[in-house]
Amino acid sequence: MELNFNSVSFRQNGDTLLGPVDFKIKFEGITNVLGYNGAGKSLFLELCHSMIQPTYGSVYWNGHSARDTKNLRGFIFQHRVTLYRSVKKNIALPMQTAGWNKQLIKNRLEELLFMANLETKSNDPASTLSGGEVQRMALVRALATYPKMVIMDEPTSSLDPSATTQFEDLISNSANSGVKFLWATHNINQAKRFANDIIFISDGKVSEISEAKNFFKKPSSINAQNYIKGL
């Protein structure tokens with residue numbers, strides 16, 4: 001998967017909140033997005049997934065617009081997003097939307113419920129799940145139709161250590177199967193454990209893109225150097 005931001009800016013109420021941004025990156029595995037609170041990480045991810053449209057410029061995946069390639073990606077929000085239905089119906093929704101037949105949905109549901117360790121809760125209202133269970137449900141829902149990429153906006157920020165570990169195990173298994181991840185996190189140790197590459201955002205701009213081992217050893221931008229020193 002290759003992502004290209006072509007002279008992208010996002011403006012709101014006369015203010016430039018992100019941009020201008022120009023870069024191209026080919027994802028090899030897990031790419032973590034780092035930056036201070038309010039730097040523009042969430043806006044960046046929303047532009048990547050065509051949840052919002054740039055005021056200027058264009059976002060492309062593999063040479064095609066972000067809007068036209070949305071079915072190649074899943075998205076997980078920072079906060080709980082559950083529909084007023086059972087766990088299995090939440091997970092089944094993207095497959096139904098994609099037009100899968102009932103048998104394919106049934107077979108895939110069994111796999112996904114097992115992956116998320118939610119088999120015994122498949123008929124429970126999703127609203128009754130714990131925070132960790134909700135995020136595992138959200139992840140397998142994002143994986144349901146075999147996307148090439150999953151974008152995640154700080155999905156473990158409100159989870160306790162045990163729930164975070166279970167979620168991370170699910171990420172590891174999915175990444176090992178070939179799924180690419182673009183993942184904003186505020187947890188630097190998490191990024192050190194998982195990231196192949198880092199995108200560092202500062203003051204609404206992409207300040208640096210580099211391999212994780214190089215970023216944590218010696219970031220090239222002043223803003224990133226200050227960020228690392230302040231941790």
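A few remarks follow.
- Candidates R141, R136: the one that is crowded, with 21+ Cβ neighbours inside 10 Å, under 26 Å from F27 (Cβ atoms) and either of a type in the set (V, I, T) or in contact with a Pro (Cβ under 7 Å, 6 or more places away or on another chain) (or both) is R141.
- For the criterion of being within 15 Å of V150 (Cα to Cα) and free of Cβ contacts under 8 Å to residues at least 60 places away in the same chain, S220 fails.
- Any hit, segment 178-201, residues being out of contact with any Ser or Thr (no Cβ under 6 Å at 6 or more places or on another chain), hydroxyl-bearing (S, T, Y) and either free of Cβ contacts under 8 Å to residues at least 24 places away in the same chain or on the phi > 0 side of the Ramachandran plot (or both): no
- Residues that are at pLDDT 95 or above and under 30 Å from L118 (Cα atoms) occur at least once in segment 23-31.
- Residue within segment 209-229 that is at pLDDT 95 or above, touching a strand residue (DSSP E or B) at 6+ places or on another chain (Cβ under 9 Å) and under 15 Å from A39 (Cβ atoms) present: yes
- Which listed residue is within 23 Å of V179 (Cα to Cα) and in contact (Cβ under 8 Å) with a residue 60 or more places away in the chain, from Q78, Q96: Q78
- Selection from segment 131-167 of residues that are in contact with an Asp or Glu (Cβ under 9 Å, 6 or more places away or on another chain) and either at positive phi or free of Cβ contacts under 8 Å to residues at least 40 places away in the same chain (or both): G132, T156, A163
- Positions within segment 1-32 being touching a helix residue (DSSP H, G or I) at 6+ places or on another chain (Cβ under 6 Å) and of a type in the set (S, T, N, Q), in sequence order: N32
- Matching residues, segment 96-110, being surrounded by fewer than 14 Cβ atoms within 10 Å (Cβ to Cβ), in a helix (DSSP H, G or I) and aliphatic (A, V, I, L, M): L104
- A count restricted to segment 111-138 and to residues that are touching a strand residue (DSSP E or B) at 6+ places or on another chain (Cβ under 6 Å) and in a helix (DSSP H, G or I) stands at 1.
- The listed residues are T128, T55, and the only one of them that is within 28 Å of H186 (Cα to Cα) and surrounded by 14 or more Cβ atoms within 10 Å (Cβ to Cβ) turns out to be T55.
- Listed by first and then second residue, the pairs linking a residue in segment 20-43 that is touching a residue at least 60 places away in the same chain (Cβ under 8 Å) to a residue that is surrounded by fewer than 13 Cβ atoms within 10 Å (Cβ to Cβ) and assigned to a strand (DSSP E or B), with Cβ atoms under 8 Å apart and 6 or more places separating them unless they lie on different chains, are P20/S7; V21/S7; I25/E2; F27/E2.
- Qualifying residue in segment 208-217 (condition: crowded, with 19+ Cβ neighbours inside 10 Å and part of a strand (DSSP E or B)): yes
- Of residues in segment 139-160 being in a loop (DSSP other than H, G, I, E, B), out of contact with any Ser or Thr (no Cβ under 7 Å at 6 or more places or on another chain) and not aliphatic (A, V, I, L, M), the one nearest to A184 (Cα to Cα): P155
The values are calculated or read from the model by the stated rules, or taken from the named source; none is laboratory data. Quantities reported herein were computed from a predicted structural model and do not represent experimental measurements. So basically every Cβ, Gly included, is an ideal-geometry build from the backbone, and we count neighbours across all protein chains shown.
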